[in-house]
Each structure stands twice: as structure tokens, then as C-alpha cells.
1. For the stretch A:532-554: of the residues being touching a Ser or Thr at 6+ places or on another chain (Cβ under 9 Å), within 10 Å of chain B (Cβ to nearest Cβ) and not acidic (Asp, Glu), which is surrounded by the most Cβ atoms within 10 Å (Cβ to Cβ)?
2. Go through the stretch A:459-495 residue by residue and tally those that are of a type in the set (Lys, Arg), within 9 Å of another protein chain (Cβ to nearest Cβ) and open to solvent by less than 20 Å² (accessible area, probe 1.4 Å).
3. Could you check, for the stretch B:181-201, whether at least one of its residues is more than 30 Å from A:Val487 (Cα to Cα), crowded, with 21+ Cβ neighbours inside 10 Å, within 11 Å of chain A (Cβ to nearest Cβ) and in contact with a Leu (Cβ under 7 Å, 6 or more places away or on another chain)?
4. Residues that are away from chain A (no Cβ under 12 Å), open to solvent by less than 10 Å² (accessible area, probe 1.4 Å) and of a type in the set (A, V, I, L, M): which strands (runs of 3 or more DSSP E) entirely in the stretch B:210-284 hold 1 or more of them?
5. Which members of the stretch A:767-785 meet the condition of being open to solvent by 40 Å² or more (accessible area, probe 1.4 Å), in contact (Cβ under 8 Å) with a residue 12 or more places away in the chain and farther than 21 Å from A:Lys705 by Cβ?
6. Being among the polar types (S, T, N, Q) and assigned to a helix (DSSP H, G or I) is the filter; apply it to the stretch A:362-380 and report the residue that is nearest to B:Pro153 (Cα to Cα).
7. Name the residue that is surrounded by the most Cβ atoms within 10 Å (Cβ to Cβ), counting only residues in the stretch A:586-631 that are under 21 Å from A:Leu568 (Cα atoms) and β-branched (Val, Ile, Thr).
8. Exactly one of these conditions fails for B:Asp29: (1) open to solvent by 80 Å² or more (accessible area, probe 1.4 Å); (2) outside any helix (DSSP H, G or I); (3) modelled with pLDDT under 85. Give me its number.
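The values are calculated or read from the model by the stated rules, or taken from the named source; none is laboratory data. It should be emphasised that the depicted structure is a prediction, and the values quoted were computed from it without experimental measurement. Ideal geometry is used to build each Cβ from the backbone, glycine not excepted, and the neighbour counts take in all protein chains shown. Protein only, heavy atoms only, side chains kept; ligands, DNA and RNA dropped before computing areas. Shrake-Rupley method; radii C 1.70, N 1.55, O 1.52, S 1.80 Å.
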Amino acid sequence: MLVPVKWLKEYVDIDIDTKELADKLTMSGSHVDSIESVDKGVENVVVGKILEINQHPDADRLVVTKIDVGTEVIQIVTGANNIKVGDYIPVALVGAKLPGGIKIKKGKLRGVDSNGMLCSASELGISDNVVPKENKDGIFILDKEYPLGQDIKEVLGLYGEVIDFEITPNRPDCLSIIGMARETAATLGKTMRYPVIKINNQVDNINQYVKEVKVEAKDLCNRYYTKVVKDIKIGQSPMWMQRRLMEAGVRPINNIVDITNYVMLEIGQPIHAFDLDKVSGKKIIVRRALDGEKIKTLDGVERTLDSSMLVIADDSRPIAVAGVMGGEDSEVTKDTKTILIESANFNGRSVRLTSRKIGLRTEASSKYEKDLDPNLSDIACNRVCQLIEEINAGTVVDGYIDIYDGKSEEKILKLSPEKANRLLGTNIEADEMVRMLNALELKAKLEDNIITVLVPSFRRDLTLEADLIEEVARIYGLDKITPQPLVGTLIKAEKSVIRQIEDKAKNILTGIGLNEITTYSFISPKQYDKLNIPEDSLKRICVEIRNPLGEDFSVMRTTLIGNMLEVLTRNYKYGVEKAWAYEIGNVFIPRELPIKELPYEKRTLSIGMYGNSDFFTLKGIVETLLERLGIKGHEYIREENDPTFHPGRTANIILGNHVLGVIGEIHPDILENYGMKERVYIAELNFELLVLFSNLERKYTPLPKYPSVTRDIAIVVDEEIMAKDIEKIIRENGKNIVESIKLFDVYKGGQIEKGKKSVAYSITYRSHERTLTDEDVSKVHDKIVEKLKENLNAVLRS
Amino acid sequence: MKGETEMKEMLGTIKENALNELSQITKLDDLEQIRVKYLGKKGELTQVLRGMGGLSPEERPIIGQLANEVREIIENEIERIRGKLKVEAKNEKLKSEKIDISMPGKDIEKGHRHPLIGVMEELENIFMSMGFSIVQGPEVETVYNNFDALNSPENHPSRDPSDTFYITDDILLRTHTSPVQIRAMKQSKPPLRIVSAGRTFRFDDVDDTHSPMFHQLEGLVVDKNITMANLKHTIDMFIKELFGSDMKTRFRPHYFPFTEPSAEVDVSCLKCMGKGCEACNGTGWSMELLGCGMVHPNVLRNCGIDPEVYSGFAFGLGVDRIAMVKYGINNIRLLFENDMRFLNQF
């Protein structure tokens, strides 16, 4: 929220510079986002009066003007076309400086002397979005006669600063100049000067002008206050008001609209003015709209309403969407003669929902949304009337209509100073607390060690003792609280077992050379198509987001494989030669459809790689991981039916009845779907099962005492014979002296018969009881060869 | 038959010849040749000794001793030269094995932890060392845990579908890690000291500084007599541990529905360390680093903890931003694209 400091000073004395003020207010709870200087670098620009305007002899679009700046009359050539003789305008003299480092020099424009420049608002550093429309593109025409030669900075108030505050949603009372002045007064320890609201001349009676005001939807509007002003003279508002509005980020329109905006900014109560002559039947009915009722709001857009929305209506149709925007039909125009001023209190939730439904958010609606203090209604309305009278824009009609139950209960809260000190860790005197609360206009009194606080109606956010403790804390100054270390029983910090094993797994995988990746929890359902996952697969049953950011992030992932493939493919497309990666994250399994409870979040590990690798690289990594986690007894069973994977190069990892995971080369069809031109190997493991079966206990086994003997064996077998079958036979016939089996060669083609392969193993024999003799070893080795021949049709290679 | 004098002469000559030849030896192999030539079975010295038969019994011991002396001298010289040649050969070998040490080392790659996860763990570890246990919470949460139990007002804008991802009316993707506070307080009675880091979700389009998924870390302490002074101390200690002891902190009053009083904590601008520069708009302070406050009594009550007996503080911070500041990463998208060339830098 923009707060011009000059305006703030009207209500509270500020004797420190703006930076210090900003720091102090930040430290008492109103965070300053930025401070902007109003003077953007204007020097030597003065008030001038246009005496003559003549067509430029050599340029159609230029005119030659004679300007009286008090001390002299100067000639200025300009392209402006909104000026007329007699206008008072800002004149940049020779030697003047303008924002943006512009310097004004003597010159000639198309051969004619020009000794200065007439200025537009933006040339003076005033932002385009607040310049009154009639002044926007042309020279800034001043609102009245000013002393010629006067510094334009004084006339337009081009000095001082505007502070942009970040106001937290619990403090709607700060969304006004008066509100911030109150905070300033409490922070600086000064007294607040509320505007004195006094209307000098009131005539006639409101009942002669308004037939009836009725509130039918009392649940959505708990106060409706109106007054009437007649003999309206629409025109420009005085420059001081225009400038205050501009500095606060509002564009001046005309005196009546400006006054309503001014009071909204000043007091925080949105005001709407209706052209009373356009209010049919001179009746105001505050009611719910009928389904399908239409209104053209004053931005020219026709809107369709429904029965949840509150409208202000006359006897025939809605004339305003309550709290959001008025209707075009009844808006104040240059022909308006009589106005009805609305200063009401609408239900915040209703305004918010309505505003969202019709897709229209205004300054007014954003204030109503936060539930205003109903006591502001009459104050603000009378302030509007006072200002209209002050600038001679109309005559105030006596009397008012106020539909109000009067229920602004003032709340009484109690604060125990001892409790406050205990919670804050401070030693603030109770009297001091009373003083601080009173500075905030919370009427506080100390009685028997308890502070009683009468909470004013503008502090609806204060409902509990804890809220008062916060008030004390922030005015006292959080920086004044001396830090104290925690004391108490020593609690041992713990990490869950699953987390410990996760950390260990990450260490292992990182040590092997894989990079950890992290990918989004939500994916596009197209992923399942790209992975060729069957339509009836469980993997497609997923948690759907009702309001996703787009299809790409619309369902919660049930597998990590898709994201892994995406990462690998992207790396490949960027020309990365080798990518080895892993991710440990959650997949989300719905417990039932439709979703009624939280899904099961299953911790899952994915490993993916391309470049410098093949299936056995991945298998080696998985093996190392399982081994280091102490997992034993698992088997690799071929998986031919998973459409995501290559049917001949994929296996499930099975331990007892459990599938620990899948490991394999990605199916070429899938690679095509992803535009990947290199083979990719991926494993996905159920990390929870890994944790379940892990065993980090280690017990030492004695080192071998007796020497080993190694014998090689090379056999030719049918291609389909699997290594595990050969190894099974070796072990079964090893008579306990086979210590290890190492496959060191697999060979096809060349001299080997078609349909067969040559397989070579190194078998290491060792006994724990004695040194084996050559005879001992030969006996076993020969038996093994015999069995291989017998069971697998193996032929010994020489 | 040779006489004593003759034999003496011969021995002298053998000795001289042997020493002479030995002095010209350059190769270890030649050494053996010399030894055989003079001292071998058919060597010259041996031959002389065989000729000792023609000597008288008085002459024999004299020649015998002389011959032994000569043998010893030759043998010693052989050994000496053997030693010398060995050393030379060794040095020669070392010299020939010289390599260009400026050539690149073998590519032994270790993998890299993801910078974001790494930072998250670093933060967790700092708090673990202060006695905080690490707990986890689900990414998909109930509206109750995410908003209601945390005292969030019904019309709080963060509940809007324009801010939050919903699954059903009662289930959403958690918008902060604060629901873990509720779970922890419902699961265990005080004293509690926990920290929880993880994924959070907000309806934010992807751009350089925003992502619909980001990471937060949450901390909670509940016990008897926990004060705001304790909160300040804990946060100070944490920030000094993370950024160094020169870092200053500023506690500013703020608003969160689940804490009262609430504060935001700024740290000194990392570029100018508090002096004021362009990066911090001259203020000397960086953007707010974390939010914190004393746990709201309503929240304690919602979890079955009596606020008259217990008090607590809570804090939360954005991990992505800290990681980006720490590593100078200027685009949050990099954290989720997982380009290996990016990951390899950490």
C-alpha cells in the first residue's frame, strides 16, 4: 500500500527522516517494501501563463507560444495541441533539469527560437497510470491561477517520499492513511490527530430526496448509511487532492469521484456515489440478485449475476454490485446534479466470492474482503460531505439514513503481564505494557496484576490474550528481546530407520558414480502412454489434481521411470555423453477410487543410465547396493511381458514372495517415443522392501587358513542355457570346497556351432580344514564336468 | 715346476689384471665372467694354486696365504663393483620411468548429490546437532492438517484454488511443511524438538524464480516455559552456523495464522554484509530468510496440548532459495531439470 509521507504528516508529527521512519515502522510490524522519492529530478521548472499561441511558419504540427513566467515573457515552440491562451502550465526554463537526466537548453525548432519547454505530467516524473486523462498526452494544464514563476515543485508537491508498505492480511485497519498514522503515532510515541469532521451548511431533508432505503439481505450487509448532496458542480478537484491521489497510486477523474476515492484512502471505508436522478423510484434496496439478472458495470462490461451475489438495486434493476463496482447507468457524470452517497459495511466473504465469480477485483472489493469496522460508515460519509462543501462542489442535504443494528460490540480482553513476560522471555513492567497498549488506542487498565483491554472496533484481529501479547511484543521491539538458549532435558535427536538406510543407499550410489536427481511429484498422464503402459494397468490408477497447473502436472506419479527417462533423454539431447542417475522419492498409490483418504506414499528408488554402460553395469550397481545393505537370497527372474522394457533384457528381482523391483533395458519402442537414440537401462526398486530386508549388522568371519586352488573350465552349451543353471550345478557338486565361481568369458560365433555358446569359468577351491591335494581337487572338478555334460549337454572345450 | 718367487709374481699379476679388468666393467653380467675367469674352477688363480705341489713345505703356507689374500681382494672388489653397478642400474631404471606428471589423471568419477537435497541435509544436520529429531510428513495432505488445525482463517486467500492444488474438497497437496507440526504434536506429547524438510506445492507458474513444487524446512519446539527469547537464540545459532558468525539477523513482526507473536527474519545482505548496496536497495538486509513465531494457542489446543501448561515456537524456511543463494544459481528451473553438467558442479 502506497502512503505519501506528506499526507501522513497531516495526522501525526514526524520529526525523523523518511528512512528512519521506514525502519521504525518495519520494526513495529509494517514492513516497508520500498521508498520512492516524489521528486524524480526536477529543477528550475516554474509556473507560466500562456499569452499567445501562433502557428509555426514552417511546421504544421508546431506552434510558437509566448509564456509569461513573471520575470519575463519567453518564447517556446511546442508540438502540444491541448493548450489555449490563458492556461497556466509548468514551464521548464533554460537550464532546467528533468527526470532522466534531461537538460533544457536554448535552441531552435525548425528555425524558430525556443527558450524552454512546456511540460507534460510524465515529463515531470509523474507516472502515466495516475495522470488525469485530460492531461495525459498533452501539457499538464494546472487547475487554477498560480503566482507566475512559482517553483512547480511547490505547486505540485513534487517533494517528499512515498512509502510502499506490505500490510499483512490480519491488519485491515492499516489499509488507510489514518490507520498507518495510528501505527506511526504508537511507534513514535506521538499523538494522533484525527480529522475534525464538520459540515457547516445543511439544507432541506434527505426524506425529500430519498423515498426508501431497505436492506433485505441483512446477513450480507450489516450497515447501510447514506446522505444526499445537491447542486453538484462537476469539475476538476483541487491540485492538493489530485496530487495526494496520484502519489497514492490513484488517477484523478473528477471532483466527486476523487473525493470518494480520497476518503477511501484516508479512512479505509469505500464510498460509492450514485447519480440520484438515475435511481428509479428514489429507492435503494440492498438485496441478493436474481439468477440471471444483468448489470453493466461502470467499466462498460455487462455482467450476469446469480442469487449468491449482493447487489444495490433501485425499484427496477441492480445499480451496483455491492462492494465491488457501481453500475454505468447510475454513475456520476458531468451532468449529475444530485448524488446519493453510499457508505456501507458488507460481508467480506460474500464480496470476495462475488468478486471472484465475476472476475472483477477493485480497490473497494479488496478492502471489503477483509471485513471493515462498521463504525467507519458514518464518519466516512460525513467526511465526503464535508469535502464536497469545502471545495464548493455541492450543497449538503440535512439528515441521513442509517440501517444498522448497532452491534459493534466492543470486546474486552484480559492480559496477564506475567504470562506475557513468560512467553516472550522478557521483564517488561506492567505499567509499560499498559502504556504501549494505550498508544495503540487499545484502552488498557491495570487492576490487580491483570490488564483489562477494551478493544476498539477497528481491531477485529484482536480476539485472544495471545494477540495482545503480540501487540506488546512488537511495540516493545522484538530486537529488544535478549536471546536465551533452550534449557531442558537432553533429548537424543533421532532419525528414522528408513531415513538412515536411505542415507546409506545414497552414499553407496553416489560413491559408485551416480548423480542424484530430483523430479516433480506430479506428471502428465501422457507419460503412461509414452511408456506403453497397458490401459488396464494398475499404474494408471492415480491421484488426479482437480485444478492442475496444466496437463503436464495433472496427476501424481505412480512410477519414477517416466521422469527418469525424461531426464536421461533431455541430457542426451543436450549432447551429454554419459548420464548415470538415481532418485529416491515417493510414488502415490490411491487406496480406493474415488479418492476419499490420503493415498499411500511409497518410497521408491529409480536408477537410470546411458553411455558407457549395459545391462550388466546396471545389474552390478544394483547388486552392490543390495549387498551393502545386507540383502541376501534374492533372485533375478526374466521378465518378458513388461511393455516398457526389452523382453530379452529385463528381470524382476524376487526375494521370497516379494518383488523388490525390476531392472532392464528400455524397450526400443519407448526410446522412440522419447526420441532417445542410445540404449537406456533403468531399474525401479521398492525402497520400503529394501529397508525391510536390509541388515546392516556385520560379524567378522575368520580369514582362510589354507591355500586355494583355481581351475578353469570352458564348455560349449546351448545358447539358452543360463549362467545360473551352470553355476547351480557347479555348486551342487562342489562338495563344499567350491569357494567362488567366476565367469570370465562368453563367446559366440567363430568356431562355435550356431545355436551354441562357449562359456568359461574359473573355479576356486578351498577347504577350511586342510590343504587340498591336487587329487582332492581333481576328484571334485571332474565330477562337476561330468554333471555339466550330463545335465546341460555341455561339451568340454580344449 | 714353478718356484716361490715365480709364483709370487704370478699372483701379483693375476691380482693386477683382475683389478684392472674389474675397473673397466660396466655391466653386471660381465662381472660374473670375470669372477669365473679368475676365481672359477678353471680360473687363473685356481690354476696357480694347483701348481703349489712343486713348492717346499716352507714355501707352501706363504704362497697359500698370499693366494688367499689375492682371492679376497678380488672377491671384495667384485662385490664392491656389483654393489655399485646395482645402484647404477636402479637409478637408470628410475630415470627411464619418468613420466609427464602434467598429463590428466584417469577419469575416476564419483557421483554427485543433488545441490538442493544436499542443502536440505545440511540444514537438517545443523538442527540435529541442536537436538532436533528428523521426521517426515506426506506430500498429499488433508485440508484439516494443512489449514484448519493450523488456525488458518476460512477466507484466507491461500486456500483458494488459485493458490493451492486440490485433489478433493478435503485433500490437497501440502502448501507448506507446517502440517508436520500437527502430526508430530498429535503423535507425541511434549517435550518435542523436531525438524522436517520436504516437498511443498503452490499454484505458481514455472519461471526463473518460481516453481509449482519447492522445498521447505519446518522446525518445532514444544515444552514447558519455551519463550520467544529461546526462539531468537535458536534461529541466531542456526544462521551463524549456516552463514558464518559475521551474519546479523533482524526479527521483524509479521503475521502467520499459526503463530502469535509472529516474525520474519532477515539476514544481512550477502553481497555487502549489511553495509548497503544495490543488491539490497541500500537497506543492508537481504530478503526475508524465514518465518517464525510462538505456536498459536489454538494450534496447541487442536493437538490436545494445553497452552496454559506448554508453549512452543515454530519456524519455516524455503530451502530452494537458500540453495540458490548459496551456490549462486539464478534460475530455479535448473534444480529440476537435472542436467548432468549442472549436477556435476556440486
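1. Out of the qualifying residues, it is A:Val543.
2. Of the residues in the stretch A:459-495, the ones of a type in the set (Lys, Arg) are A:459-460, A:474, A:480, A:492, A:495.
Going one step further and asking which of them are within 9 Å of another protein chain (Cβ to nearest Cβ), we end up with A:474, A:492, A:495.
After this cut, where a residue has to be open to solvent by less than 20 Å² (accessible area, probe 1.4 Å) as well, the list is A:474.
Within the stretch A:459-495, residues that are of a type in the set (Lys, Arg), within 9 Å of another protein chain (Cβ to nearest Cβ) and open to solvent by less than 20 Å² (accessible area, probe 1.4 Å) number 1.
3. yes
4. On the way: elements: B:213-223, B:249-256, B:259-268.
Those strands (runs of 3 or more DSSP E) span B:213-223, B:259-268.
5. Selection gives A:Lys783 alone.
6. A:Ser366
7. Here the residue is A:Ile607.
8. Condition not satisfied by B:Asp29: (2).
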